[in-house]
Amino acid sequence: MELFDGAAIKPKHLPKVLIDRYKRGETHAVSALHQVSQVLQLQLELKETVTPGNIPGLHFAFCVVIDGVTYQTGMGITKKEARLKAAELALQDFLPTLENDCVLPEASERPPLLPVKEKEPSSSEVHPCRAIHERKNPVNNQIPHAVREQLNRLMKSHPEFSACGGTAAAFIVQTSGGCEVVAVGTGSFNTKGSAASNGRVLHDSHAVVVARRSLMRYLYRHLLLFFSKTAFLKEKSIFQQGSSTSHLLGLKNDVTLHLYVNQLPKGAAQIPSRLRLNPLSMSAWEVNNQIALHLTVEGKVFSVFSSTFEHSTANVVSMSTTDKITQWQVLGYQGALLTHFTEPIYVQSILVGDSSCSDVRGMEIAVSQRTEGITPRLPMFYCMLRAHIGLVPAATPHGDAGAQQSLSVNWSQGDGSLEVVDGLEGKTVEESPFKSGPALASRLCKAAMLSRFNLVAKEAQREDLLTAVSYREAKMMAKPYQEAKNVLKSYLVQQGYGCWLAKPPVSDHFSM
């Protein structure tokens, strides 16, 4: 079951462009349904139900519930097909009521959402029972178990790096066959030097960032499988041809992606749980620094509005992990280069295995609510996907790594061994089980990603992509992605959360 909660104050209007996109076939029915619910702040459930007894054969059944109203049941031979049919049936009945009852403007008239303090909440609101959070999603118990087993296997092979797992993150692929960990990352630092111009330094080694770059390596592997001339290998890929209106690939019907973190990410996710967003706030400035975008410098975190932070060109500055997750929930976790081949890839749930954390209210505000309302402004295939965010049992303890605190570990499915990177230097350490060569460049660095991109472009016979002379040019050729990124940056400024840090141009102008 997918659940999306709306706020108490609901906009009266739905942008006309959103409905027009759906009617022209430019928006998938399920995406359109999420967009309508997010813009109008309706409570949406897309839940599995029983198949009518007079339907022969094996079918799945789903129905849509909008603000308590249940719509017709959709059926299909796969869950994805059943969800799509249910969404189409719901929109068929629901959209005419909007067109008849509402004036549909071209743009949302909702005032910006600003954070304020609520009245002092009760003890049960501040410290809700973890068991309640952990029952929200059926994969909540499977995922921590899968992560724990994978981390134990990796560290058992190399116990000398076992202390590197203090801050850990993992991406999990769920299919009809169960849950499988496909990417792992640990770490808490970014580099202390200036931005490298050759693409061979890993500038950000925070756990979620490392796990996400490991996920990208996994995605490249499966693109190579898909474009293989061998049918057996192609069938093993998680990708399939996407919508009929696009040449892009999408995940197979039974494939969903999940993110596990063993502690709340740095940045706005760690704001007090009693904060909320309210468009009528007059005291938003009191908490502006907490809900705003954040920067990290050598592991330290600063609000973009902080007077204590002084930007020096001698230090690499990154956006906080929370802000990057916020970005990925809008742009997808695949990055710019992979959008030449795939539709945006989103996670369906973000699970926090932090035993010291009693709720995820701050995470929900930072990741989901700050970008509510952005979807109608985004190009085709992009949306703000509101992932399920919940607490799960801890898969690994977190704490002080001592002498190894600056080290970061990465691994993705298919790797023969883990790689260990010094987060402050951005290079692989000499003792790392895996080393790409004498230069000690990490397999996660930009140059390595560009090499994989070129390999996939060649296998896919995309000669147009092979003309790019630099990493930056290949990224800028992904025009829908760049458009979505610019929309997101402008939206965050308009909503009062601050400016997204611009990367030094020198870091992307290298070529192979």
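Kindly indicate the residue of segment 346-375 that is under 25 Å from Y22 (Cα atoms), open to solvent by less than 10 Å² (accessible area, probe 1.4 Å) and not charged (D, E, K, R) and also nearest to the chain's Cα centre (by Cα) among those meeting that condition. The qualifying residue nearest to the chain's Cα centre (by Cα) is V347.
Select from segment 350-398 the residues that are part of a loop (DSSP other than H, G, I, E, B) and charged (D, E, K, R) and list them in ascending order. Show your work before the answer.
Initially, segment 350-398 is screened for residues part of a loop (DSSP other than H, G, I, E, B), giving 353-360, 368, 372-374, 378-387, 392-398.
Selection gives D354, D359, E372, R386.
Considering L444, L424, the condition of being at pLDDT below 95, open to solvent by less than 70 Å² (accessible area, probe 1.4 Å) and under 22 Å from S318 (Cβ atoms) is satisfied by L424 alone.
Check whether at least one residue in segment 380-387 is farther than 24 Å from L40 by Cα and open to solvent by less than 40 Å² (accessible area, probe 1.4 Å), and report yes or no. There is no residue in segment 380-387 that is farther than 24 Å from L40 by Cα and open to solvent by less than 40 Å² (accessible area, probe 1.4 Å). Here L95 meets the list (1) modelled with pLDDT of 55 or more; (2) more than 28 Å from I271 (Cβ to Cβ); (3) outside any helix (DSSP H, G or I) almost entirely, failing just condition (3).
The number of residues in segment 344-369 that are within 19 Å of H34 (Cβ to Cβ) and of a type outside the set (A, V, I, L, M, F, W, C) comes to 7.
Counting the residues of segment 175-193 that are farther than 19 Å from R153 by Cβ, open to solvent by 10 Å² or more (accessible area, probe 1.4 Å) and outside any loop (DSSP other than H, G, I, E, B) gives 1. Across segment 466-503, the number of residues qualifying as open to solvent by 50 Å² or more (accessible area, probe 1.4 Å) and either assigned to a helix (DSSP H, G or I) or more than 30 Å from T428 (Cα to Cα) (or both) comes to 15. Scanning segment 391-414 for residues that are closer than 17 Å to A146 by Cα, open to solvent by less than 30 Å² (accessible area, probe 1.4 Å) and at pLDDT below 95 turns up L391, V392, A395, T396. Look at segment 470-494: where a residue is modelled with pLDDT of 95 or more and a partner is open to solvent by 30 Å² or more (accessible area, probe 1.4 Å) and assigned to a helix (DSSP H, G or I), sitting 6+ places away or on another chain with Cβ atoms under 6 Å, you get V487/R377.
On inspection, H222 does not qualify as surrounded by fewer than 17 Cβ atoms within 10 Å (Cβ to Cβ) and on the phi < 0 side of the Ramachandran plot. Cβ separations smaller than 7 Å between residues 6+ apart or across chains give the following pairs from segment 187-205 residues that are farther than 10 Å from S318 by Cα to residues that are assigned to a strand (DSSP E or B) and open to solvent by 20 Å² or more (accessible area, probe 1.4 Å): V201/K427. If you go through segment 423-451 and keep only what is under 26 Å from T296 (Cβ atoms) and outside any loop (DSSP other than H, G, I, E, B), you end up with K427, T428, K446, A447, A448, M449, L450.
Just give me the residues in segment 227-249 being open to solvent by 10 Å² or more (accessible area, probe 1.4 Å) and not in a loop (DSSP other than H, G, I, E, B), in sequence order. I'd like the intermediate steps shown before the answer.
Taking segment 227-249 first, the residues open to solvent by 10 Å² or more (accessible area, probe 1.4 Å) are 227-236, 238, 240-248.
A231, F232, L233, K234, E235, K236, Q240, Q241 - these are the residues of segment 227-249 that are open to solvent by 10 Å² or more (accessible area, probe 1.4 Å) and not in a loop (DSSP other than H, G, I, E, B).
Candidates are the residues of segment 250-280 that are open to solvent by 40 Å² or more (accessible area, probe 1.4 Å) and over 21 Å from the mean Cα position of the chain (by Cα); the one that is modelled with the lowest pLDDT is L280.
Of everything in segment 73-83 that's of a type outside the set (D, E, K, R) and either in contact with a Gly (Cβ under 6 Å, 6 or more places away or on another chain) or more than 22 Å from Q38 (Cβ to Cβ) (or both), which residue is most open to solvent (accessible area, probe 1.4 Å)? Walk me through it before giving the result.
Taking segment 73-83 first, the residues of a type outside the set (D, E, K, R) are 73-78, 82.
Among the residues that remain, those that are also either in contact with a Gly (Cβ under 6 Å, 6 or more places away or on another chain) or more than 22 Å from Q38 (Cβ to Cβ) (or both) are: 73, 75-78, 82.
Working: T73: 56, M75: 59, G76: 2, I77: 109, T78: 39, A82: 0 Å².
It comes out as I77.
Any residue that is open to solvent by 20 Å² or more (accessible area, probe 1.4 Å) and closer than 28 Å to Q329 by Cβ - is there at least one of those in segment 453-465? Yes, segment 453-465 has at least one match.
The values are calculated or read from the model by the stated rules, or taken from the named source; none is laboratory data. For clarity, every value in this text was computed on a predicted model and none was experimentally measured. As a convention, Cβ positions derive from the backbone with ideal geometry for all residues, glycine included, and neighbour counts pool all protein chains shown. Protein only, heavy atoms only, side chains kept; ligands, DNA and RNA dropped before computing areas. Shrake-Rupley method; radii C 1.70, N 1.55, O 1.52, S 1.80 Å.
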